[in-house]
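Read through the structure below, which is laid out as structure tokens, and then see the notes.
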Amino acid sequence: MMNCVKVSSFIHAIRSYKRFCHSESKSHLGFGSLDSPVRASVGIFWDLDNKPPKSFPPFDAATKLKKAAGQFGVVRFTVAYANRHAFSYVPPLVGQQRKERKTLNLLEKSGVVKVEDPYICRVCGRRFYTNEKLVNHFKQIHEREQTKRLNQIESARGKMRVKLVAKYAMKMDKYKGAVRDVLTPKVGYGLADDLKRAGFWVRTVSDKPQAADVVLRNHLVDVMDKRMVDYVVLVSDDSDFVEVLKEARLRCLKTVVVGDSNDGALKRTADAAFSWQEIMMGKAKKEAVSVVGRWKDRDVLKRLEWTYDPEVEKKLYFSEVESDDSDGIFSGEDDKEDVGASILKEDAHAWWKLDSCSGHD
């Protein structure tokens, strides 16, 4: 019976310890769980109206941005807002590349230019010695097959639809990976599709002025109210977001700005700032580690910092004096005489004689 009681009390102690560790890991005391430390949550908020990736491919820019933000913690929110004009816009660099591609197609078709390496279809593996033949092949076969697959999935319901999605998943992914290099997007330069492929939640807003800013600001405030992130990464150069960043800092959230304006108000307000060039070169990913280290050191110093408050010190001093008076220490002349008498009594015998010796005498 006693053994059963000991075992049950031991199990209860273990469970209590586990609950204690679990509650401590949820707190913001800097301690994680016993197995793995708790990582901070990061949210990326992208103002595409103000800061689209004009000089870089959208998919590469979004991927590099997520990797750099991942150095601050776990990326849990990736949202991007813009109106339809941002998605239909074609950067000058992309337009120039398309013109050069058309000129090269004409030269290949006339036989003036011959390519050494053939063009390979990334879906079926067939080879073509002109880009125009590859494009025609892709449209006539693979684009039609993709349309048929989408129509089948759209018309199916219930379990059949789930089975078709699972059946065509690999083929559809293969088509999406190849189509961006072969076919020219009908609208814009494929900004929305590339960002979605990189894992971003892309939304189109109305064409009213500052519509994207208002929606993005409301989304950011809602996330802050629910305390869903610890780090806010804002991709914009718009100074209208200064107040939002100040609010985030008042709520003890770390703010990071990605933009090309070196002396902008956003970068002066944020805790850290990077340019698109630093994001694409991988420099921001390396610097993020040292930035987080500096933030942690600063937080530790703030906790250890002693600040002098005259009112608080005055209250503490008077409370100590009152407590001493209440205990009767040096409260009057009688106390002084008693203390003096006790001192004289202790010094009655020679200083070199021990108490033990005087006791024996």
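The values are calculated or read from the model by the stated rules, or taken from the named source; none is laboratory data. These numbers come from a predicted model, not from an experiment. Because the Cβ atoms are built from the backbone with ideal geometry, glycine has one as well, and the counts that use them run over all protein chains shown. Areas reflect the complete protein model, heavy atoms only, side chains present, ligands, DNA and RNA absent. Shrake-Rupley method; radii C 1.70, N 1.55, O 1.52, S 1.80 Å.
Could you list, in sequence order, all residues of the range 245-276 that are crowded, with 18+ Cβ neighbours inside 10 Å, outside any strand (DSSP E or B) and hydroxyl-bearing (S, T, Y)? Correct list: T269 only. Checked against the criterion of being small (G, A, S), at pLDDT 90 or above and farther than 30 Å from W201 by Cα, the range 108-127 has at least one qualifying residue. Just so you know, in the range 57-74 the residues that are open to solvent by less than 50 Å² (accessible area, probe 1.4 Å) and in contact with a Phe, Trp or Tyr (Cβ under 9 Å, 6 or more places away or on another chain) include one that is farthest from M281 (Cα to Cα), and it is G73.
Taking the range 100-130, which residues are open to solvent by less than 70 Å² (accessible area, probe 1.4 Å) and either free of Cβ contacts under 8 Å to residues at least 24 places away in the same chain or within 14 Å of A178 (Cα to Cα) (or both)?
If the condition is that a residue be open to solvent by less than 70 Å² (accessible area, probe 1.4 Å) and either free of Cβ contacts under 8 Å to residues at least 24 places away in the same chain or within 14 Å of A178 (Cα to Cα) (or both), then L107, G111, V113, V115, P118, Y119, C121, V123, C124, G125, F128 are the ones that fit.
Given the conditions (1) in contact with a Phe, Trp or Tyr (Cβ under 6 Å, 6 or more places away or on another chain); (2) at pLDDT 85 or above, and given that Y175 satisfies all but one, which numbered condition is not satisfied? For Y175, the exception is condition (1).
On the given criteria, is D207 surrounded by fewer than 17 Cβ atoms within 10 Å (Cβ to Cβ), assigned to a loop (DSSP other than H, G, I, E, B), out of contact with any strand residue (DSSP E or B) (no Cβ under 7 Å at 6 or more places or on another chain) and modelled with pLDDT under 90? Yes: the conditions hold for D207.
Scanning the range 108-148 for residues that are in contact with a His (Cβ under 7 Å, 6 or more places away or on another chain) and not in a loop (DSSP other than H, G, I, E, B) returns a single hit, F128. Do we have H137 as buried (at least 19 other Cβ atoms within 10 Å of the Cβ) and over 21 Å from the mean Cα position of the chain (by Cα) here? Taking the combined requirement at face value, the residue does not satisfy it. Looking across the range 217-240 at every residue that is under 23 Å from P57 (Cβ atoms) and within 18 Å of the chain's Cα centre (by Cα), the one that is surrounded by the fewest Cβ atoms within 10 Å (Cβ to Cβ) is identified as S236.
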